[in-house]
Amino acid sequence: MKLLLTLFFPTLLLAQEPFPGLTFHEAPRPLSEKASASDWPRFFGPRDNCTSNEGPLLKDLSKLKPVFELVRGDSYASPIISDGKLLHFHAVDSRETLDCLDPETGRRFWTFSYPIKYRDRYGFSAGPRSSPVVRDKRVYLIGVTAMLHCLDLESGKILWKRNLMTEFDIPQYFFGYGPNPVLFQDKLIINIGGKPKDALGVCAAAFDINTGSTAWTLKDEWGASYASPIVTKLHDHPVVAMMAAGESRPTVGGLMIIDPNTGKLHSKFPWRAKVYESVLASTPLALPGNQIFISECYEKGGVLLQFNKKLQPKPLWVERWFGMHMMVPLLLDGTLYGFAGRNPPDTQLKSIDLKSGKLLWENDMIWKEGNLNVGLFRGSFIRCQNRTFTLGEDGIFAEIQLNPKEAKILSTKRLFTAREAWTPPVVHRGLLYITQNSKGMGGSKKRLICYDFRALE
């Protein structure tokens, strides 16, 4: 049977067994009978804002123990978990590879791969930036060269595919192709960013989830960003909120509000630095009262937009020094919290009053570890029930307490020492998934690591 599968699906391997690169350490504690759990079917989780109902979770982070780890290729993609499957998207030996794994053992159900030719012109990872999206046992994934595949979750079989770079004349841009897709009803909506010569390119498009056929296209001079589009509602109208940018002189880009059914452009709000090598990578945050917060870290900072019934935006406030580079900020009881700034060491954890736009405090989040100054820098949040956790970009995992007066670190654990830990943490059924995206001090390899985060209380 395996021989027949190999003949008909040469990139498909059915295994359900250990494979090279997988190290199993120790089975996790039993899941509590009182546990609350949810899938993590897309990049920023089930609510598109790095929040989840997971719990109960360990209070003492020093007790985090690895369950398994596996060698990771080149990638910034997030682990995606749905229907008892963990999807790990990375590039290995110039092949973008999707491994479908058991979330609690790391054993592989199947693997799918295809060849790519990509070299990052700034020396960053040569693998995917975008993460898979899962719904109804279908997987949608886009690689760094804009190859789009729809796969069957149970088998890894290709259901349909599109070469977006070729079809829509997508350039490599600064760091390859990056935006995540988003699903709405029977459509997969994508920030395409096509830039054909002497013509207006396709900025966004929707594809039929069953056939891959094009449902609609939206042409605009704005290109592709590195932020994830989201689906939300403004005045009870479903809309796609999409940051679009690209590479151009002069720079263009900002927020687009699009009808997900037809591709009609309701409104545009320019929000892009004049700096040529600037990108938009922070996902829009939908807020109550028909408001959306967007930001960038190069020049403009953050802005809170109020939308009227015609879906036109009006800035309520602007704060130059509350701009996120890559992560989405966290809203707690009327206060926004975020790691603002472009690069270490000019990054701080900051809070801002949502109503007034007044900065309340900032904290460098730097402390001593031996003789070294360490910190969270451009950290990323995950909020589980009423607890806030963050992953620092060099491998420190922490629980922090946030309020309008201060930030307090409750517990920390250094998971590794390596740069580019920019992929947000994922929690599923009390297990914590962390990606180490670059080689670490001491010789540690790029890895996907699963930790036992379960509490029995």
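Would it be correct to say that residue 264 is basic (Lys, Arg), under 24 Å from residue 358 (Cβ atoms) and surrounded by fewer than 24 Cβ atoms within 10 Å (Cβ to Cβ)?
So residue 264 does not fit the description; no.
Could you please find all residues in the stretch 10-47 being acidic (Asp, Glu), within 30 Å of residue 115 (Cα to Cα) and modelled with pLDDT of 90 or more?
39
Give me the pairs: first residue in the stretch 87-109 and under 20 Å from residue 128 (Cα atoms) and of a type in the set (Val, Ile, Thr), second residue modelled with pLDDT of 95 or more and part of a loop (DSSP other than H, G, I, E, B), beta-carbon distance under 6 Å, and six or more apart or on different chains, which are they?
92/73
Which condition number in (1) over 30 Å from residue 399 (Cβ atoms); (2) within 20 Å of the chain's Cα centre (by Cα); (3) at pLDDT 95 or above; (4) not hydroxyl-bearing (Ser, Thr, Tyr) is the one that residue 83 fails?
(1)
Here is a check on your reading of the model: is residue 416 within 29 Å of residue 42 (Cβ to Cβ), in contact (Cβ under 8 Å) with a residue 60 or more places away in the chain and of a type in the set (Phe, Trp, Tyr)?
Considered against the rule, which asks whether it is within 29 Å of residue 42 (Cβ to Cβ), in contact (Cβ under 8 Å) with a residue 60 or more places away in the chain and of a type in the set (Phe, Trp, Tyr), residue 416 comes out as no.
Could you please tell me which pairs satisfy a Cβ distance under 6 Å, a separation of 6+ or placement on different chains, a first residue in the stretch 331-357 that is free of Cβ contacts under 8 Å to residues at least 40 places away in the same chain, and a second residue that is surrounded by fewer than 17 Cβ atoms within 10 Å (Cβ to Cβ) and in a loop (DSSP other than H, G, I, E, B)?
Note: pairs meeting the criteria are 348/364.
Name the residues in the stretch 244-292 that are over 18 Å from residue 314 (Cβ atoms) and in a strand (DSSP E or B), would you?
Listed by number, the residues that qualify are 244, 245, 258.
For residue 456, only one of the following conditions fails: (1) under 22 Å from the mean Cα position of the chain (by Cα); (2) within 22 Å of residue 58 (Cα to Cα); (3) part of a loop (DSSP other than H, G, I, E, B); (4) not basic (Lys, Arg). What is its number?
Of everything listed in (1) under 22 Å from the mean Cα position of the chain (by Cα); (2) within 22 Å of residue 58 (Cα to Cα); (3) part of a loop (DSSP other than H, G, I, E, B); (4) not basic (Lys, Arg), residue 456 misses just condition (1).
Which residues, counting only those in the stretch 327-356, are closer than 20 Å to residue 52 by Cα and either assigned to a loop (DSSP other than H, G, I, E, B) or at pLDDT below 95 (or both)?
Of everything in the stretch 327-356, those that are closer than 20 Å to residue 52 by Cα and either assigned to a loop (DSSP other than H, G, I, E, B) or at pLDDT below 95 (or both) turn out to be 327, 328, 329, 333, 334.
Given the conditions (1) assigned to a strand (DSSP E or B); (2) farther than 20 Å from residue 418 by Cα, which single one is not true for residue 90?
(2)
Out of everything in the stretch 270-293 that is within 20 Å of residue 234 (Cα to Cα) and surrounded by fewer than 18 Cβ atoms within 10 Å (Cβ to Cβ), what residue ends up being farthest from the chain's Cα centre (by Cα)?
Top of the filtered list is 289.
Identify all residues within the stretch 29-40 that are surrounded by fewer than 21 Cβ atoms within 10 Å (Cβ to Cβ) and closer than 16 Å to residue 425 by Cβ; write none if there are none.
Listed by number, the residues that qualify are 37, 38, 39.
Which pairs turn up if I take residues in the stretch 227-249 that are over 21 Å from residue 308 (Cβ atoms) and in contact (Cβ under 8 Å) with a residue 60 or more places away in the chain and look for partners that are polar (S, T, N, Q) and crowded, with 19+ Cβ neighbours inside 10 Å with beta carbon separation below 9 Å, at least 6 apart in sequence or on another chain?
Hits for this filter: 228/130; 228/131; 228/180; 228/191; 228/283; 246/225.
Out of curiosity, is residue 321 surrounded by fewer than 23 Cβ atoms within 10 Å (Cβ to Cβ) and not in a strand (DSSP E or B)?
yes
May I ask you to say which residue of 258, 230 is touching a Ser or Thr at 6+ places or on another chain (Cβ under 8 Å) and either modelled with pLDDT of 95 or more or crowded, with 20+ Cβ neighbours inside 10 Å (or both)?
230
The values are calculated or read from the model by the stated rules, or taken from the named source; none is laboratory data. Treat the numbers as computed from the prediction; the structure is a model and nothing was measured. Cβ coordinates were reconstructed from backbone atoms using ideal geometry, including for glycine residues, and neighbour counts include every protein chain displayed.
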